[in-house]
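Comments concern the structure below.
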Amino acid sequence: MNRNNRTLVVLLVAVLTATAASYGVYRTIKSIPVREVEVAHTFVLAATHPLQPGARVTEADVKLVAWPERAKLVGTFDKPEQVVNRGVVAALLENEPLSEGKLAPVEAGAGLSPTIPQGMRAISVRVDEVIGGAGFVTPGTRVGGMLTRRQG
């Protein structure tokens, strides 16, 4: 047997052995039964769709989702009554749990006013037909007015 034939035989035996070993490992792994482990969970409120800052939360905007109990979230809610009619301060994504930090205080309402931090003030910006300001001032919002006029 010459050298080329020996190399070919050794290579062929190595490939066949590797194929048999791979098939044996595949069959062994395939025969292991799937284990389903039930994870202890609690329910938290999450957004049903993206919510933008200034929006008022309604019953249709929230849903209860299961959350692993080992990874508890601080400041979340478990009853829709706790968040309905509160304003959104920071944007919420779909299926994101609602937390105290992303919602306005209970009686603050919705719109732009709850997004202004405590102790801060907002200033006015000129608006026209193109740069609209609709929807920022809602019923119950405290508005300060100032008039500037020229003499003469």
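The values are calculated or read from the model by the stated rules, or taken from the named source; none is laboratory data. What you see is a predicted model; the values in this text were computed from it and never measured. As a convention, Cβ positions derive from the backbone with ideal geometry for all residues, glycine included, and neighbour counts pool all protein chains shown. Side chains included, ligands, DNA and RNA excluded: accessible areas come from the protein's heavy atoms. Shrake-Rupley method; radii C 1.70, N 1.55, O 1.52, S 1.80 Å.
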Would you work out which of VAL44, PRO33, VAL62 lies farthest towards the positive end of the dipole of the range 28-67, given +1 charges on the beta-carbon of Lys and Arg and -1 on that of Asp and Glu, about the Cα centre?
PRO33
Paramagnetic reach from LYS79 (point 7 Å along Cα→Cβ, amide N under 14 Å) across the range 43-72:
45
I'd like the carbon and sulfur percentage of the solvent accessible area for the range 28-94, probe radius 1.4 Å, heavy atoms only, ligands and nucleic acids excluded.
58 percent
What does the highest-first list of 41-50, 14-23, 28-37 look like by mean Cβ count within 10 Å?
41-50, 14-23, 28-37
Could you give the nm distance between label points at ARG149 and GLN118, where each point is 7 Å from its Cα heading toward the beta carbon?
4.0 nm
Taking the convex hull of Cα positions in the range 1-80, its mean projected area over all directions (nm²)
11.9 nm²
